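Below is one structure, written out as structure tokens, with a few remarks after it.
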Amino acid sequence: MIDLKQLRENPAQFQTRLNLKGEYNLAPLLSLDQQQRELEVKRSQLQARSNEIGKLVGQKMKGNPQDPEIPGLRDEGNQVKAQLAELEPKERDLKAEIETILLTLPNLPDESTPVGKDEDENVEVDRWGDEYLPTNPNILPHWEIGEKMGILNFERSTKVAQSRFVSLIGKGAALERALIQFMLDRQIAAGYVEVLPPILINTQSLTASGQLPKFADESFKCDRDDLWLTPTAEVPITNFYRDEILNAEELPIYHCAYTPCFRREAGSYGRDTRGLIRLHQFNKVELFKFVRPETSFDELETIRRDAEAILQALKLPYRVLALCTGDLGFASAKTYDLEVWLPSSGKYREISSCSNCTDFQARRANIRFKEAGKKGTQFVHTLNGSGLAIGRTMAAILENYQQPDGTIQIPEALRPYLGRETL
RNA sequence: GGAGAGGUGGCAGAGUGGUCGAAUGCGCUCGACUUGAAAUCGAGUGUACCGAAAGGUACCGAGGGUUCGAAUCCCUCCCUCUCCGCCA
């Protein structure tokens with residue numbers, strides 16, 4: 001959520017920065033805000049008088065219940081109440097309207113985010129591992145080799161659930177578990193505290209992290225219970241500290257979390273219909289940070305390095321993109337995407353996204369911190385990054401490590417976790 | 001799912017219609033005493049909004065109602081705990 005107070009002070013600046021993300025008209029919001037504030041002044045003056053009358057009546061009742069001034073005060077009290085009864089609903093409606101609009105406005109892009117209108121204008125800032133690009137000219141797509149080996153099964157999963165679901169069998173399942181364990185171990189060693197959170201989350205949680213109201217169609221919902229299937233561990237972890245005031249000394253807080261993730265993938269019906277790239281359910285190890293505002297852009301660099309470290313350890317070739325303003329996510333001020341080389345696509349494909357959401361989620365989730373001895377509170381900054389998407393990592397391994405004889409080599413770093421060198 | 005109890009400040013806990021943002025204790029901060037510490041004593045100690053300030057307003061799980069006035073009474077909802085039932 002953007003800061004209404006700051007918006008009020010620099011509307012032109014906000015408008016300019018928002019326009020880098022899309023089309024937004026702030027004029028109605030500003031007008032509603034002004035009306036609301038005028039009403040609020042009137043209302044609180046009336047309430048002050050009402051409180052005063054209440055106290056006066058109380059005093060007089062205590063002295064002499066027959067005091068002749070009491071009926072007059074009561075009358076005035078009733079009049080004030082009648083006026084309040086008119087103002088209050090108006091103000092409440094205005095506030096609700098303002099809130100509704102605020103919840104649909106995205107975070108402002110940071111000045112270091114490259115300006116551009118869509119993914120074609122993202123900027124490659126780094127590339128790693130050219131020497132590990134596969135030389136095998138006959139690589140089968142991961143879904144073909146996987147089904148051939150009997151470690152992936154899509155057809156039966158469609159029967160059990162729907163299209164875009166997969167089952168992992170035997171060594172496939174073991175590889176998935178090994179990847180989860182490997183990634184968690186690495187990130188825990190890097191200083192992240194593991195959390196295994198609830199996978200079903202309520203509407204308020206999704207709103208706080210920014211998935212709702214805008215992306216309701218993207219999430220699976222359990223209608224009877226006001227619970228949704230988590231689309232990313234970012235949501236439960238953000239909300240872990242919702243409505244809390246943290247001590248400054250507690251920051252930064254680093255968490256990592258393995259969760260399955262569920263996405264409806266509405267509107268992507270033609271894309272990536274085969275394989276592990278775009279499923280309704282996939283596993284992910286997520287990195288998450290709650291930090292002091294002045295450190296968040298440095299923290300973004302380190303969260304990105306922590307995600308990159310996994311790809312490097314697995315010797316998977318990848319590149320790093322700085323997303324341009326037009327391609328930036330709703331809650332993000334700055335995002336790096338890590339893209340792994342995927343031979344079946346003949347290009348790099350997203351495997352991690354690392355974002356600095358600045359105070360955007362903290363405002364929605366009301367997560368603040370207090371400096372000892374200082375007055376007031378500040379919003380924390382939140383960052384998240386995949387470290388990494390497991391299914392896509394599996395796909396990258398099945399392809400990049402595919403040998404001419406059709407076997408899959410296991411990346412060295414992973415061997416202790418799997419207890420074998422090839423699949 | 002059934003029956004009962006309950007939700008008050010960092011914690012514990014009082015408050016059943018009147019000057020209650022809320023006693024008291026603990027904790028915490030500052031000060032005094034002390035060589036130092038403990039103990040003791042004194043002062044302070046929620047959040048947000050409006051305001052240059054003085055000050056004002058809101059918040060006692062949430063929402064509504066009664067009243068001049070609600071933490072306190074009424075209604076609805078949510079959550080927690082205990083017992084019973086069912087179940088992985």
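The values are calculated or read from the model by the stated rules, or taken from the named source; none is laboratory data. Note that the coordinates shown come from a computational prediction; the quantities given were computed from them, not determined experimentally. FYI the Cβ positions are ideal-geometry reconstructions off the backbone, even for glycines, and counts take in every protein chain you see.
When the criteria are applied in full, A:Gly116 meets the requirement of being surrounded by 15 or more Cβ atoms within 10 Å (Cβ to Cβ), under 30 Å from A:Glu339 (Cβ atoms), small (Gly, Ala, Ser) and at pLDDT 90 or above.
The number of residues in the stretch A:365-394 that are polar (S, T, N, Q) and buried (at least 24 other Cβ atoms within 10 Å of the Cβ) comes to 4. Against the test of being in the same structural domain as A:Thr393 (by TED's automatic domain parsing), touching a Lys or Arg at 6+ places or on another chain (Cβ under 6 Å) and not aliphatic (A, V, I, L, M), the options A:Glu144, A:Glu176, A:Glu234, A:Glu218 yield a single qualifying residue, A:Glu218. Of the listed requirements (1) away from RNA strand B (no atom under 16 Å from the Cβ); (2) over 20 Å from A:Ala173 (Cα atoms); (3) modelled with pLDDT under 95, A:Lys370 misses just one: (1).
Residues checked against (1) modelled with pLDDT of 95 or more; (2) within 16 Å of RNA strand B (Cβ to nearest atom); (3) at negative phi; (4) touching a Phe, Trp or Tyr at 6+ places or on another chain (Cβ under 7 Å):
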site	(1), (2), (3), (4)
A:Glu218	no, no, yes, no
A:Asp223	no, yes, yes, no
A:Asp226	no, yes, no, no
A:Glu234	yes, no, yes, yes
A:Phe240	no, yes, yes, no
A:His255	yes, no, yes, yes
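Counting only residues that are assigned to a helix (DSSP H, G or I) and surrounded by 12 or more Cβ atoms within 10 Å (Cβ to Cβ), which one in the stretch A:58-71 is nearest to RNA strand B (Cβ to nearest atom)? Result: A:Met61. Among the conditions (1) touching a residue at least 24 places away in the same chain (Cβ under 8 Å); (2) of a type outside the set (A, V, I, L, M, F, W, C); (3) within 14 Å of RNA strand B (Cβ to nearest atom); (4) not in a helix (DSSP H, G or I), A:Ser355 misses just one, which is (3).
Within the stretch A:137-151, the residues that satisfy the criterion of being touching a helix residue (DSSP H, G or I) at 6+ places or on another chain (Cβ under 9 Å) and on the phi < 0 side of the Ramachandran plot are A:Ile139, A:Leu140, A:Pro141, A:His142, A:Trp143, A:Ile145, A:Gly146, A:Glu147, A:Met149, A:Ile151. Of all the numbered requirements in (1) more than 30 Å from A:Lys214 (Cβ to Cβ); (2) near RNA strand B (Cβ under 8 Å from one of its atoms), A:Arg92 misses one, and that requirement is (1). Within the span defined as the stretch A:305-315, every residue fails to be part of a strand (DSSP E or B) and either crowded, with 16+ Cβ neighbours inside 10 Å or not basic (Lys, Arg) (or both).
Just to be sure, is A:Glu40 more than 13 Å from RNA strand B (Cβ to nearest atom), touching a residue at least 40 places away in the same chain (Cβ under 8 Å), among the acidic types (Asp, Glu) and surrounded by 12 or more Cβ atoms within 10 Å (Cβ to Cβ)? Taking the combined requirement at face value, the residue does not satisfy it.
Within the stretch A:80-89, the residues that satisfy the criterion of being within 9 Å of RNA strand B (Cβ to nearest atom) and surrounded by 12 or more Cβ atoms within 10 Å (Cβ to Cβ) are A:Val80, A:Lys81, A:Leu84, A:Glu88. The number of residues in the stretch A:119-167 that are over 30 Å from A:Gly22 (Cβ atoms) and either of a type in the set (Gly, Ala, Ser) or part of a loop (DSSP other than H, G, I, E, B) (or both) comes to 21.
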